[in-house]
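K.L.:
Sharing a structure with you now.
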Amino acid sequence: MSADYVLQTIDLRKDFKGFTAVEDVNLNIERGTIHALIGPNGAGKTTVFNLLTKFLTPTTGKILYNGTDITAMEPAAIARMGVIRSFQISAVFPHLSVLENVRVSLQRTEGNSFHFWKSEKILDGLNDRAMELLESVGLQEYADTVTVDLPYGRKRALEIATTLALEPELMLLDEPTQGMGHEDIDLVADLIKKVSVGRTILMVEHNLHVVSKLADKITVLQRGAILTEGDYQTVSADPRVREAYMGVSEDEEVIDSSDKAKAVAAEEADV
Amino acid sequence: MKINKLYLALFIFALIAPAALYPVFLMKVLCFALFACAFNLLLGFVGLLSFGHAAFLGTGGYVTGYLMMHTGVTPEIGIICGTICAGLLGAFYGKLAVKREGIYFAMVTLALSQLAFFFYLQAPFTGGEDGMQGVPRGHLFGIIDLADNMSMYYFVLAIFIFGFWMIHRTIHSPFGQVLKAIRENEPRAISLGYNVNDYKWVAFIISSALAGLAGSTKTLVFQLASLTDVHWHMSGEVVLMTLLGGMGTIFGPLLGAGAVVAIQNYLSGGEMGNYVSIIMGVIFVVCVLAFRNGIVGEINKVIKRNFGS
C-alpha cells in the first residue's frame, strides 16, 4: 500500500512556544501526481512545507520518503535523495549568469565541487546540458544575462530549470505563482504541467485557478490541521472549505475564482 | 584579455618598483595585501565576516619566527611550517565558527582569536610583550642570502604572486562556483543538496592558511614577531583594508592594503603621527558612508556605466 506513496507524514506536529502551528497532519502524496496544499492565510501551509524539507524540525511525528524515515535528516541530505524544494520568493543566485545558475545545480553530481585547484573551465562540459534545460523553460536566449536583470516570471522559470537539473523525484513548490501577473501565471502553470511528467509534485498555492488546472489531489489545511482532502470537485463542493475561505458559508459563493480581491476580502473576513 | 594586460603591467611595475621605492615598505605592502586578499576570500566570496584573522597572521609569524631562531631551518621551510600551523588552527577555529552566521560568526571568530592572543601573551617562547626579536632571515634554499633587502623583496614578491594566484584559482574553480552560490543564496544552495558548512569550512582553512603565509613572510621581513600581529586591532585593520579597496573584487584588497600602509607610513613619520588612529577612523567612516563598494568597486561601476556593453 505504502509503495504508492512517495511521501507520507504520520501525525506531524510543530509547536512554537505554546502555539501549535501544525497539528497531527497525515499527508499521503501519491507517486506521479500533482498534489496541492491550500488553505487560508496562517493555516500552516508554509510550516508544513518547511517541515517536509527539513528547514524546520517537527516537534513530534514522522516523515517517510519512499518508506524511509527521513525525519532526522539534514536539508541537504534529503535534497541529495531527490527531494528538491523551491521557495516563496524566487530562489535564484542573482549575481551569477542564468547559465551558471543551472550549472551550479548540475555540478553537484560531478564530484568536483571541492576542487579549488582546478579551473572552472572544466565546468564548460556541462554547458550543453544546461542549455537544454534552459530551452525546456524557454530561457535559452537569456543564458548569458546576469540573473538579477531577469523579469520576475523568468526568474521563477529559471528556478524550475535549476530544480529540474537535479532530476528530482519529488518537487516541492512553495507558491510558484506568488506575486506574478496574469501572463506569467499561465506561463509557469503550463511549465509545471510540462515538467510534472514522470515526477511527483507537491505545491502550496494560493491561486485557485492554478490549483484547479493542475492538481490531481488537494489537501485543505485550516489552523494547522487537515480540513478535507480530495480532487477539486469534491473539495470545492465542501461547505467547510467555503467557510474556511469566506468566513461564512454562503451557497452562492463559489470558490473557484482566481480573483485576487476576493481572496483578500476573505482574509479580512477571517480576521 | 584586458585583465591579462593589467596583470602584466602590475607585474612589471612590481619588478622595477624597488628601484624607486623603499623595498621594506613594498614588502610590508605585499604582506598586508596578501593578508587582505586571504581575508577577502571569506568576506567577498563566501560572505563570511571573520573578526579573528589576526590569530592566523600571528600564528604564522610566531611559528616561523621560532623555527628560524631555534632550529636553523631554511626560510622556505620556516614559512611552509608557519602556513601549515595557521591552516591547522584555521581548521579547528573554522569548524566551530561556520556553525553560526552573520554577527555570531564574527563574534565567535573574535572570541577564538582572543584566546590565541592570550596564549601568545603567556607562552614563554613568544617573548610576551617584547615579542620575538632578531629573527634571522636565513639563506633561501641554503644558498641565497636574504639579509639583502633586494633578494628578500623578490622572494616576498614570489610568495605574494603564489598566494594571489592561489586565491584567484580558488575563486575561479568549481569550488569557487559553489562558494558564490552560497554567498548569493544560502538556503537555495542547501536545497540543491550542498552541505554549505563543509564548503565554508574549506574556504576558511584556505583563507587562514594564506593569512598565516602572510604572517610568516612578514616576520622574516621585519625580523620580528610581536603581539601586534595577533591583537584584534589587526583583525579590524584588515576589514578596513578590504572595505576601502573594494570587497569581493580581486584587486580591491591589494589597493586597500597599499593605501592603508602608505597612509600609516607617511603619517607616522611626521607630526601627525599621534593622529593616525583618528585619521584612519575618518577614512573608514567616509568609505562606509560615501563609497561602499570601495575604490575598485567604484571604478568598476564607472567603467560599467560608461563603457558597459
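K.L.:
Between region A:79-117 and region A:145-202, what is the separation of their alpha carbon centroids in Å?
P.N.:
If you average the Cα positions of each part, the centres end up 15 Å apart.
K.L.:
Using the Karplus equation 6.51 cos²θ - 1.76 cosθ + 1.60 (θ = phi - 60°), what ³J(HN,Hα) coupling, rounded to whole Hz, does each residue of region A:151-160 give in order, writing x for Gly and Pro?
P.N.:
x, 4, x, 5, 4, 5, 5, 4, 4, 5
K.L.:
Name the chymotrypsin sites (Phe, Trp or Tyr not before Pro) in region B:54-120 that are in a loop by DSSP and that have at most 14 other C-beta atoms within 10 Å, would you?
P.N.:
Here no loop site has a sparse enough neighbourhood.
K.L.:
Hey, another quick one. Would you grab the residues whose amide H sits under 5 Å from the one on A:L221? Only those 5+ places off in sequence or on another chain, please, with H modelled 1.01 Å from N.
P.N.:
Hits under the 5 Å cutoff: A:I38, A:G39, A:L227.
K.L.:
Going by how many other beta carbons lie within 10 Å of each one, how would you line up B:Y22, B:Y199, fewest first?
P.N.:
B:Y22, B:Y199
K.L.:
Of B:L192, A:Y152, A:G179, which is farthest along the charge dipole of the protein assembly as shown in the positive direction, counting Lys and Arg as +1 and Asp and Glu as -1 at C-beta?
P.N.:
Of the options given, the answer is B:L192.
K.L.:
Under a GNM of chain A (C-alpha, springs under 10 Å), which listed residue has the highest mean-square fluctuation: A:P75, A:P94, A:P168?
P.N.:
Its mean-square fluctuation being the largest, the pick is A:P94.
K.L.:
Separate question: Among B:H231, A:H35, rank each residue by its count of other Cβ atoms within 10 Å, from fewest to most, as a rough exposure measure.
P.N.:
B:H231, A:H35
K.L.:
Over region A:1-147, what is the relative contact order in percent, taking alpha-carbon pairs closer than 8 angstrom and at least six residues apart?
P.N.:
Details: 170 pairs, mean separation 29.4, N = 147.
20 percent.
K.L.:
Then there is this: Can you pull out the trypsin sites (Lys or Arg not before Pro) in region A:13-68 whose DSSP state is coil and whose Cβ has at most 10 other Cβ atoms within 10 Å?
P.N.:
Passing both the DSSP loop test and the Cβ count: A:K17.
K.L.:
Report Rg/Rh for region B:165-293, rounded to two decimals, where Rg is the Cα radius of gyration and Rh the Kirkwood radius.
P.N.:
1.04
K.L.:
Please check: in the Gaussian network model of chain B (C-alpha springs, under 10 Å), which one of B:V63, B:V282, B:V108 has the largest mean-square fluctuation.
P.N.:
In this elastic network of chain B, the residue with the biggest mean-square fluctuation among B:V63, B:V282, B:V108 is B:V282.
K.L.:
In addition: Please turn the phi angles of region B:53-70 into ³J(HN,Hα) values with the Karplus equation 6.51 cos²θ - 1.76 cosθ + 1.60 (θ = phi - 60°), one per residue in order, whole Hz, x for glycine and proline.
P.N.:
Once rounded to whole Hz, the list reads 6, 4, 4, 7, 4, x, 4, x, x, 5, 5, 5, x, 4, 5, 5, 7, 10.
K.L.:
Could you give the nm distance between label points at A:E110 and B:S268, where each point is 7 Å from its Cα heading toward the beta carbon?
P.N.:
Reported label-point gap for A:E110 and B:S268 is 4.6 nm.
K.L.:
Tell me, what is the percent relative contact order of chain A, built from C-alpha pairs under 8 Å that lie six or more residues apart?
P.N.:
24 percent.
K.L.:
Another question, then. Quick one: order A:R223, A:R108 by neighbouring beta-carbon count within 10 Å, fewest to most.
P.N.:
Ordered from fewest to most neighbouring Cβ atoms within 10 Å, A:R223, A:R108 come out as A:R223, A:R108.
K.L.:
Compute the Kirkwood hydrodynamic radius of the protein assembly as shown, taking the inverse of the mean of 1/r over all pairs of distinct Cα atoms, and give it in Å to one decimal.
P.N.:
26.8 Å
K.L.:
Right, another one. Amide H of B:L224 versus every other amide H placed in the peptide plane: which residues, excluding those fewer than 5 positions away on the same chain, fall under 5 Å?
P.N.:
Here B:V135 satisfy the definition.
K.L.:
Same structure, new question: Mind putting a number on the dipole of region B:145-241 about its Cα centre? Charges go on the C-beta only, +1 for Lys and Arg and -1 for Asp and Glu, and I need it in Debye to the nearest 20.
P.N.:
Numbers: 6 positive and 7 negative charges, 77 e Å.
Value, rounded to 20: 380 debye.
K.L.:
Across region A:88-170, how large is the tail of the calculated P(r) beyond 19 Å, expressed as a percent of all Cα pairs?
P.N.:
33 percent
K.L.:
Return the subset of A:K121/B:K301; A:K54/A:K121; B:K5/B:K304; B:K95/B:K180; A:K118/B:K180 for which the Cα-Cα distance in this structure is over 22 Å, preserving the input order.
P.N.:
Details: A:K121/B:K301 26 Å; A:K54/A:K121 34 Å; B:K5/B:K304 18 Å; B:K95/B:K180 20 Å; A:K118/B:K180 16 Å.
Pairs exceeding the cut-off: A:K121/B:K301; A:K54/A:K121.
K.L.:
Output ³J(HN,Hα) for region B:226-242: one whole-Hz value per residue in order, computed from phi by the Karplus curve 6.51 cos²θ - 1.76 cosθ + 1.60 with θ = phi - 60°, and x for Gly and Pro.
P.N.:
Result, rounded to whole Hz: 9, 5, 3, 6, 9, 6, 5, 3, 5, 4, x, 4, 5, 5, 4, 4, 5.
K.L.:
Follow-up question, since we're still on this one. Of the candidates B:N197, B:N265, B:N40, which one comes out as most mobile in a Gaussian network treatment of chain B with C-alpha springs shorter than 10 Å?
P.N.:
B:N265
The numbers here are math on the coordinates, done by the rules we state, and not lab data. Owing to the predicted nature of the structure, the values given are computational and were not obtained by experimental measurement. Backbone-built Cβ (ideal geometry, glycine too); neighbour counts: all protein chains shown.
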